[in-house]
Amino acid sequence: MNQTQNKFFTIGFAIIVALCYLVAIRYRLAHELPDDAAFFLRYAENMVQGQFWVYNLGEAPVWGASAPLFPLLFVLPLKFGVAPIAAVQWTSTLVSVVALTWAALLMARHFGYVAAWALVIFLCLDSGLMDFAGSGLETPLTCLLLVAALHMLLAGRQGIWLGVVVGLLAIHKLDLIAMAALLLLAAAVAARRIPWQAVGAAAVIAVAWYGFAWYWFGLPVPNSFLTKALHQNDMHKLIGWDWFALSVLVRYKHWIFAVLALLGVQACWRAHKPLLVFCLGSLGAHLLAYSVKYPFEPYDWYYMPALLLLLWLAALGIKQAGTFVGAYAPQARWLSALSAALLCGLIVWHLVPLERQQTRERKQWLNLGEHDRAQAGRWINAHTPSWFKVETCWGNPAVFSRRYVYDCSFLNRPAEDHAQDLRERYRPEIVVYQNAQDVSPTHLPHIPGYVPVHLFDRAFDAGLGNYFFFAYARKDVLSQVSDVSLAAGCLAQGPDACDRYLPQPIQKLQATDSGETPAPGALCSLDSINGGAATQAPVSKAQPIELAGWAFMADRKSQPDSVWLMIEQAGRRYTARARGGFPRPEVARGIGAPASLTNSGFQLKFDASDLAPGAYDVSIILIRGDQKQMCHAANLNLR
């Protein structure tokens with residue numbers, strides 16, 4: 001192949017790869033933005049107004065978006081009138097496509113097309129990486145800088161351009177400072193000397209930015225970093241210290257890539273040690289940092305840089321595996337590529353079902369849960385005066401309300417003493433809250449001086465879990481609020497649907513006479529007893545007993561008005577009403593019920609202290625109108 005043919009081949013490869021990424025990213029995008037992406041959007045929109053890095057127009061700048069360069073990318077499309085969500089998604093997608101296509105070209109040039117196609121397949125397959133590549137979080141710019149770092153190492157660059165990449169890594173995000181240092185170390189290993197020119201350029205960029213930040217924001221580090229590091233320690237942790245390592249190396253079947261990455265390390269061991277210094281060092285630094293200081297909830301985009309490097313090494317591992325097979329038949333050059341392709345195909349076949357599920361769940365949350373938050377902001381913008389001030393902890397209500405916002409997350413405003421008293425201190429006209437565990441769409445909390453004015457519960461109604469949002473207005477400005485409505489969609493789903501997530505009361509069993517036994521035919525299952533499997537193992541009656549399961553009427557087309565559990569022993573019957581309406585979409589799919597009947601789950605907590613020890617039959621009785629149906633669920637052994 002001559003030079004001209006090779007050039008056209010490379011261009012064709014780049015176009016095909018870019019289209020693959022474009023399709024993969026767009027397939028993962030939803031109608032709404034992740035909430036933290038809305039923070040970036042709010043900063044970008046204020047930049048269009050000529051005020052840089054301000055959360056509220058007219059206030060002092062605040063470094064709340066922890067990747068300060070990223071919102072700059074949205075300014076131009078917003079300035080030209082592109083719709084906000086489209087501007088964020090298309091800009092993010094474009095930057096990601098450029099970065100990841102560049103990565104594929106690097107891989108093809110230095111390691112061959114087998115490894116390059118493996119990288120493309122692995123990246124397009126991963127739902128998390130493709131989601132964050134286009135949804136408006138800082139992942140696209142992170143990927144671009146990481147690929148630039150890989151280019152610097154593979155091209156052997158030692159001068160000013162290396163320093164520019166190091167400097168940009170150091171200011172893009174604080175957790176990339178270690179990667180910046182490791183890039184310099186890897187370059188020093190490659191050249192066997194310190195790249196002083198690069199060090200000087202990186203120092204100038206870093207000092208210039210952090211000096212500017214100290215002057216402009218009054219802090220050399222992001223306000224959001226200080227809030228997370230100093231003021232969120234008392235928040236309930238939803239994850240543990242092992243969250244980051246498990247997410248990168250194990251969960252979502254990432255262990256497959258971790259194993260392949262070991263082969264990739266072997267492939268680079270002799271000829272590309274600087275590359276390993278950067279990739280393995282960066283992986284190790286992130287694993288250590290986020291194991292020691294982990295967030296209070298799973299911010300999945302935090303591990304995207306580590307995942308990108310893991311997939312890079314895994315793609316090299318695919319090539320190495322093919323090389324091992326090809327070594328047994330050196331005369332058949334095609335055997336190495338074929339075996340690598342077959343291994344890639346097997347991985348794709350194994351992972352596609354999981355990735356489809358991940359994509360479905362992510363898009364469902366964005367289109368429902370984030371939609372509720374965004375709708376809260378849009379409702380405020382449409383139905384309250386422009387001078388109203390809003391208290392909210394989330395980005396979507398903030399950006400779409402177009403109002404002055406008291407940010408109760410304190411990521412975008414300096415933390416204050418007694419932060420929980422924001423409402424009492426500033427008396428905002430509107431507050432937007434998420435539900436607590438002890439409230440429901442029909443039992444909202446009492447807030448002195450405020451009244452509820454609107455409910456946003458699309459995710460709750462769809463069975464995504466105990467998530468809904470509501471807006472309160474200050475009583476003295478209530479007359480200036482239009483479209484006041486607290487209609488709860490869950491009311492149409494049955495008597496228990498709205499209260500299904502409230503703490504379960506302990507029911508007293510009621511003794512009943514034998515009477516007439518309802519007709520059999522209902523579909524049901526008792527899935528768990530006291531949180532464990534519903535087995536024959538004895539259960540202590542000294543503590544309340546919790547049962548959970550699902551139930552359908554026999555026609556599979558309707559759900560009951562109420563669910564009762566009947567416990568029977570030697571002709572003695574005891575009953576208690578369970579709480580229904582819990583989402584069980586997998587059950588509806590499994591038995592061929594309509595998608596509208598996903599809330600077939602029930603739960604019951606009851607006091608069994610008055611019952612005699614021994615074996616009991618547990619049946620489930622379903623009542624709909626004048627129909628009664630029953631099915632046997634399990635046996636319960638009390639001790």
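The values are calculated or read from the model by the stated rules, or taken from the named source; none is laboratory data. Nothing here was measured: the structure is a model prediction, and the numbers come from that model. Quick reminder, even Gly has a Cβ in these numbers, built from the backbone with ideal geometry, and neighbours come from all protein chains shown. We work out accessible area using only protein heavy atoms, side chains counted, and drop any ligands, DNA or RNA first. Shrake-Rupley method; radii C 1.70, N 1.55, O 1.52, S 1.80 Å.
Using C-alpha pairs under 8 Å with a sequence gap of at least 6, the mean separation divided by the residue count of segment 379-512 gives a relative contact order of 23 percent.
For residue 56, neighbours were defined as the other residues whose beta-carbon sits under 13 Å from its Cβ, and their charges (Lys and Arg +1, Asp and Glu -1) total +1.
Checking Cβ-Cβ separations below 4.7 Å across the chain identifies 20, 124, 143, 268, 279, 344 as cysteines lacking any candidate disulfide partner.
Going through the DSSP H helices of the chain, which span 15 Å or more along their own axis at the Cα atoms while scoring at least -0.5 as a mean Kyte-Doolittle hydropathy? Could the numbers behind the result be given before it?
Working: long enough: 3-28 (38 Å, 0.87); 35-48 (20 Å, 0.08); 84-111 (40 Å, 1.20); 113-125 (18 Å, 2.52); 139-155 (24 Å, 2.02); 160-172 (18 Å, 2.30); 177-191 (21 Å, 2.68); 196-217 (30 Å, 1.13); 255-268 (20 Å, 2.16); 273-292 (28 Å, 1.39); 304-326 (33 Å, 1.54); 334-365 (45 Å, 0.07); 371-383 (17 Å, -1.33).
Result, helices passing both filters: 3-28, 35-48, 84-111, 113-125, 139-155, 160-172, 177-191, 196-217, 255-268, 273-292, 304-326, 334-365.
Derived value for segment 240-354: Kirkwood hydrodynamic radius 15.3 Å. Basis is the mean of 1/r over every pair of different alpha-carbon atoms. Could you compute the net charge surrounding residue 175? Neighbours are other residues with a C-beta less than 13 Å from the C-beta of residue 175; K and R count +1, D and E count -1. Charge balance in the 13 Å sphere: +2.
Mean sequence separation of contacting Cα pairs (under 8 Å, at least six apart), scaled by the length of the chain, corresponds to a relative contact order of 11 percent. Where a Cα-Cα gap under 15 Å defines reach, which aspartates and glutamates qualify for residue 228, not counting those fewer than 8 residues away within the same chain? Cα-Cα hits under 15 Å: 36, 175, 297, 407, 416. In this structure the amide hydrogen of residue 573, modeled in the peptide plane, comes within under 5 Å of the amide hydrogens of 512, none closer than 5 places in sequence on its chain.
How large a share of the accessible area of segment 480-639, in percent, is made up of carbon and sulfur atoms when the probe is 1.4 Å and the other protein chains stay in place? Answer for segment 480-639 is 51 percent, counting heavy atoms of protein chains only. Give the cross-link partners of residue 541 among the lysines, using a straight C-alpha distance below 25 Å as the criterion and excluding same-chain residues fewer than 8 apart. Counting by Cα, and skipping residues close in sequence, residue 541 has these lysines nearby: 508, 605. Peptides 283-290, 500-507, 111-118, 42-49 ranked from most to least packed give 111-118, 42-49, 283-290, 500-507, packing being the mean of other C-beta atoms within 10 angstrom over each peptide's residues. Centroid-to-centroid, using Cα positions, segment 618-633 and segment 435-477 are 33 Å apart. For the chain, the average shadow cast by the Cα convex hull is 35.5 nm², which is a quarter of the hull's surface.
Would you tally the net charge around residue 413, using a Cβ to Cβ cut-off of less than 9 Å, leaving residue 413 out, and scoring K and R as +1, D and E as -1?
Numbers: positive: none; negative: 59, 407, 416.
With Lys, Arg at +1 and Asp, Glu at -1, the neighbours total -3.
Could you sort out which of 7/319; 319/363; 389/475 sit more than 25 Å apart by Cα distance in this structure?
On the way: 7/319 23 Å; 319/363 33 Å; 389/475 14 Å.
As for pairs spanning more than 25 Å Cα to Cα, those are 319/363.
Any idea what the relative contact order of segment 532-639 is, in percent, if you count C-alpha pairs under 8 Å spaced at least 6 apart? Before the final figure, lay out each step's value.
On the way: 230 pairs, mean separation 39.1, N = 108.
So the answer I get is 36 percent.
Amide H contacts under 5 Å for residue 509: 607, restricted to partners 5 or more places along the chain or on a different chain, H placed in the peptide plane at 1.01 Å from N.
Peptides 441-453, 336-348, 306-318, 144-156 ranked from most to least packed by the mean count of surrounding Cβ atoms within 10 Å: 306-318, 144-156, 336-348, 441-453. Using the rule -39500 (n - 2.57) for each DSSP H run of four or more residues, divided by the residues of the chain, the 222 nm mean residue ellipticity is -15500 deg cm²/dmol.
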